[in-house]
1. Which one of these is over 23 Å from Gly55 (Cα atoms), out of contact with any helix residue (DSSP H, G or I) (no Cβ under 7 Å at 6 or more places or on another chain) and not in a loop (DSSP other than H, G, I, E, B): Gly140, Gly152, Gly148?
2. Search the stretch 99-112 for residues being of a type in the set (Val, Ile, Thr) and outside any loop (DSSP other than H, G, I, E, B), and hand back the single one that is surrounded by the most Cβ atoms within 10 Å (Cβ to Cβ).
3. Please determine, by comparing only the residues of the stretch 22-42 that are aliphatic (A, V, I, L, M) and surrounded by fewer than 24 Cβ atoms within 10 Å (Cβ to Cβ), which one is farthest from Pro56 (Cα to Cα).
4. Can Thr264 be described as at pLDDT 95 or above and buried (at least 20 other Cβ atoms within 10 Å of the Cβ)?
5. Is it true that Val163 is within 16 Å of the ligand (Cβ to nearest atom), touching a residue at least 60 places away in the same chain (Cβ under 8 Å), crowded, with 20+ Cβ neighbours inside 10 Å and aliphatic (A, V, I, L, M)?
6. Would you point out the residue of the stretch 268-282, among those that are assigned to a helix (DSSP H, G or I) and either surrounded by fewer than 24 Cβ atoms within 10 Å (Cβ to Cβ) or at negative phi (or both), that is farthest from the ligand (Cβ to nearest atom)?
7. Give the residues of the stretch 216-238 that are over 22 Å from Ala177 (Cβ atoms) and surrounded by 15 or more Cβ atoms within 10 Å (Cβ to Cβ), sorted by residue number.
8. Give the residue that is surrounded by the fewest Cβ atoms within 10 Å (Cβ to Cβ), with candidates limited to residues of the stretch 128-142 that are within 15 Å of the ligand (Cβ to nearest atom) and under 18 Å from His165 (Cβ atoms).
Amino acid sequence: PYDVLVVGGGPAGAAAAIYAARKGIRTAIVAERFGGQVMDTVGIENFISVPYTEGPKLAASLEQHVKQYGVEVITEQRAAAISKDGYVNVELASGATLKSRAVILATGARWRDLNVPGEVEYRTKGVAYCPHCDGPFFKGKRVAVIGGGNSGIEAAIDLAGIVEHVTVVEFADTLRADEVLQKKARSMGNIDIIMSARTTEVIGDGSKVVGMDYEDRTTGEIKHLAVAGIFVQIGLVPNTEFLKGSEVALTRFGEIEIDTKGATSLPGVYAAGDATTVPFKQIIISMGAGATAALGAFDYLIRNAAP
Ligand code: FAD
C-alpha cells in the first residue's frame, strides 16, 4: 500500500504529490490524463512569477517536477469508487484496487459545453470559459457571455471593464443571477442582456471566432451577433460522480466538502482543487489547496498508525 495516493494529475494533484513526497513517504498519483484542464489551455498569464506560459508547457513542467521526487505516476486509469477498511481503497474502472493509508482527491471539474456547431473547433480561438484567465485577450473587442446565472452575470460585469461591449445571452425568459448582480450589470453602459435566446452556432473565419447565431425563442427567428469572444458560463461540473454513495460528503452541486486542512468527511481522505467547495477555481489556487491537503494528510498519518 501507499502512504499517500493522489487521485487526479492536474495542478492540485501535482502539488499534493510533491508536498507528500517531500516528507519521504510512499506517494503515487493515479489520473486519467496528467495535466488536467491545463492541457486544454493556451495562454496562461496569471500564474504568478511566470508572466506567460502555455498549458502543455506548464503540464510538462508539473510532470517533470513530480517525477523528480520519485512519485509513481499511473495514467490512463479512472477511479470508479472509494471505500475504507483500515486502508483507503480506490477502485479503478479497470477492476484493480489501489490501497493507501491516506488519499487526496484532486479530480477537478469540467465546464459544461454548449454542444453547438463551432464550439469545439473554436475552443481557445475565441470560445472561452474563464473570464479571469481570458478576459484581457479581448481588450477593446465585443464579446458574448452565454448564461445568465450568477457566473454569467459576474463574468459580464468583469468583462465589461476590459472589453468594448458584452452581450449576455440567456436561454430562459428570466435571469437566475442574484438581483444585486443584475442591477450592477444593468447599470453598466456596455452590457446588453438578451433573454429567451437559444445559442445555435459559433461562427468563425477558419482561424478565430467572428460571431454567433441564436434563435429568438419567442419568434423562432435566427439572429446573429458579431463578437470576437464567446464566454460559456452554463455551469462547472465537478468530476466527483464516482464518489456518489461513498462516505465522502458532497454538496448538492457535487463538490467535495472540505475543511481548512483539506479534510473530507471520511477520515484519511483529503481533497483539493476544482473538485471541492473552494470558492474560486484557478491554477494557483488549486496548487495551494493541493499543498494544504498534502500537509493535512501528513498530519493525519503521523497521528494514526498504519492498519
Ligand atoms: P484539473 O485540472 O481539472 O485536473 C483534474 C485531474 O483529475 C486530471 O488529471 C483528470 O484526468 C483527473 N481525473 C478526473 N476524474 C478522474 C477519475 N475519476 N479518476 C482518475 N483521474 C481523474 N486557471 C488559471 O489560473 N489561469 C488560466 O489562464 C486558466 N485558463 C483556463 C482555460 C481553460 C480552457 C480551462 C478549461 C480552465 C482554465 N483555468 C485557468 C482553470 C484551471 O485550469 C483549473 O482551475 C485547474 O486546472 C484546476 O486544477 P485541478 O487540479 O483541481 O483539476
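The values are calculated or read from the model by the stated rules, or taken from the named source; none is laboratory data. Worth saying up front: this structure is predicted, and the values here are computed from it rather than measured. Cβ coordinates were reconstructed from backbone atoms using ideal geometry, including for glycine residues, and neighbour counts include every protein chain displayed. Areas reflect the complete protein model, heavy atoms only, side chains present, ligands, DNA and RNA absent. Shrake-Rupley method; radii C 1.70, N 1.55, O 1.52, S 1.80 Å.
1. Gly152
2. Ile104
3. Applying the filter and picking the extreme gives Ile25.
4. Judged against the criteria, Thr264 is a match.
5. no
6. Residue satisfying both the conditions and the ranking: Ala275.
7. Passing the criteria: only Ala228.
8. Pro136
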